[in-house]
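No lab work stands behind these numbers, since they all come straight from the coordinates. Since this is a predicted model, take the numbers as computed values, not measurements.
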Amino acid sequence: MRGRDTYAGVWHDDGHRQLGLSRGGPIAVQAVERGFLTLVPATRGLAKEASLPDLKGRHGKRPCRAQLMHALIAGRTAVGERVWDIQRLLDWVLKRSDVDPSRVIMTGNSGGGVLTVHTAAIDDRITVAVPSCSFTSFTSETGYIFHCDCCLIPRVQSELGDFSDIGGLIAPRALLAVNGKKDTLHYFSDVEKAMAHVSKIYRATGDTHPFKHEWGEEGHQFYPEIMWPFIKKWTQK
């Protein structure tokens, strides 16, 4: 989909279209209406077009878990494959003459938000990252795992750190983390603690302004009314 201006936007959804998009979206259409060149990737293990069949229901009829199992036996991770896919899309879109490489935005809700954090953490071509209802610690203080298995990485806490440490790698680029007050998948106190850690990382760069954390009033969904003002601020020239 294409708008009028020379912006690039990689807009990612996690496959949970009824849960994540319909209440606060469609975000991609809103992006086009605002003049963004917009990509909506078909995500491995989540979009029907890019999923492995779960033959005989071995993985609970969950294509995302089927992708994870196939990735693991090949020595990869599901989220790693998805990050690779996004990077190849960036390779392609940034060759276009009508794309401004200084204004590349990525967002996603739920698993799409997890992918947004991982991609922006290792690829500085993402200039504005907006993870929605996804960015918190990997586990609660009592050990509860917040994210789906297809979003996890073996040995991540012992060798790389918390999810907030990974998200901190986005600094000093613009990062807006949005969570829902009624989102029962994530705990308020753990989200607040993780976001305080990210803020500390941004302070270490000398500028906290590019980082912002906001709470939406509802549940597990996009919050356009929070996202768009931040995106506008950090893409204006």
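Straight-distance candidates among the lysines for linking to Lys233, with alpha-carbon spacing under 17 Å and chain neighbours fewer than 8 residues away dropped: Lys212.
Could you tell me which label, among (i) 20.0, 65; (ii) 16.9, 54; (iii) 18.1, 56, carries the value of Rg and Dmax of the Cα atoms in Å calculated for this structure? Here the calculated entry is (ii).
Across segment 175-189, computed HN-Hα scalar couplings (Karplus, 6.51 cos²θ - 1.76 cosθ + 1.60, θ = phi - 60°) run 9, 10, 9, 10, 10, x, 4, 9, 7, 6, 6, 10, 8, 3, 5 Hz from first to last residue, x flagging Gly and Pro. For Ser51, the residues whose modelled amide H falls within less than 5 Å of its own, excluding neighbours fewer than 5 places apart on the same chain, are Gly45. Below 8 Å between Cα atoms, with a sequence gap of 6+, how large is the relative contact order for segment 12-162 in percent? Once divided by the residue count of segment 12-162, the mean separation gives 21 percent.
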